[in-house]
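Written out below as structure tokens is the structure these notes cover.
Nothing in this text is a laboratory measurement; each read-out follows from the coordinates by a stated rule. Keep in mind that what you see is a predicted model, and the values were worked out from it rather than measured. Counting neighbours? That spans all protein chains shown, and the Cβs are built from the backbone with ideal geometry, glycine included.
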Amino acid sequence: MRPGVRSERSRASAPIPIAIYLWHMPVSRWLMPTIDDAGLLALGGPTARYALRTGTFIGICVAGGIVAAFLVERPSLALRDWLCPSRSGALPIGPA
């Protein structure tokens, strides 16, 4: 691979971090308060509760982001590439 050119593998994994980022607010605003109100994470002392709550939050965000990337973003990007194929091919990134 030439330096500065994004590989097919890196382009394929690009939607996953974006989807994880998009999931953190709905999980934080809606799902975590519901879990807290149900008392599902009320175990041990404050440090244990914080660690369990943080781990649960991160796990839900990562899982939701991966599922969303595979079910929504990848098919929509494939449809975009099929309807409007790139005429330029791979473009170099950075100074030439």
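Residues in segment 42-57 that are more than 19 Å from TRP30 (Cα to Cα) and either outside any helix (DSSP H, G or I) or touching a Gly at 6+ places or on another chain (Cβ under 7 Å) (or both): LEU43, GLY44, GLY45.
Condition first: free of Cβ contacts under 8 Å to residues at least 24 places away in the same chain and part of a helix (DSSP H, G or I). Can you find one or more residues in segment 84-94 that meet it? There is no residue in segment 84-94 that is free of Cβ contacts under 8 Å to residues at least 24 places away in the same chain and part of a helix (DSSP H, G or I). Is it fair to say THR34 is without any contact (Cβ under 8 Å) to a residue 40 or more places away in the chain and farther than 19 Å from ILE16 by Cα? Judged against the criteria, THR34 is a match.
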